[in-house]
Amino acid sequence: MKHYVYLLEETLELNRVGLISTNISEQLVKGITELFYRECAAKVSEKTGQSISAMGVWNVIQQMGEKVCEEEAQLVEEYKKGHVQGKKEVPVLF
């Protein structure tokens, strides 16, 4: 499998979700909590000038959700291995 790296983006630490920048993906996440996919796409397209469809919004949200699940799974594995970070341990946390 080929993997392409854009050196400028890597140097500037620009993370992307597919072809969508982190900034726009954050706006999509904020928008989707209050709007339908079509409304969110229209609002973000209007704000940013970058055209995105309702299906594009759905794809970005799905990719971000998968990334969060992977990160949480890694944290759980680290916890199971005993590699816990922190200074306090409490029996119950509310």
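The values are calculated or read from the model by the stated rules, or taken from the named source; none is laboratory data. Quick caveat, the model's predicted, so the values are computed rather than measured. Neighbour counts are summed over all protein chains in view; Cβ atoms, including those assigned to glycine, are modelled from backbone coordinates with ideal geometry. SASA here: full protein model, heavy atoms, side chains in, ligands and nucleic acids out. Shrake-Rupley method; radii C 1.70, N 1.55, O 1.52, S 1.80 Å.
Assuming charge only on the beta carbon of Lys and Arg (+1) and of Asp and Glu (-1), the dipole of the chain about its Cα centre is about 80 debye to the nearest 20.
Going through [x] 15.9; [y] 14.5; [z] 16.9, the figure that equals Kirkwood radius over Cα pairs in Å as computed for the structure here is [x].
Ordered from largest to smallest accessible area (heavy atoms of protein chains, 1.4 Å probe), the residues 4, 37 come out as 4, 37.
Once the Cβ-Cβ distance of residue 87 and residue 45 is raised to the sixth power relative to R0 = 41 Å, the FRET efficiency obtained is 0.35.
Between residue 21 and any residue 5 or more places off or on another chain, the built amide H atoms are never under 5 Å apart.
In a DSSP loop and with at most 14 other Cβ atoms within 10 Å, the trypsin sites (Lys or Arg not before Pro) in the stretch 34-94 are 81, 87, 88. When all protein chains stay in place and ligands, DNA and RNA are ignored, the 1.4 Å accessible-area order of 55, 1, largest first, is 1, 55.
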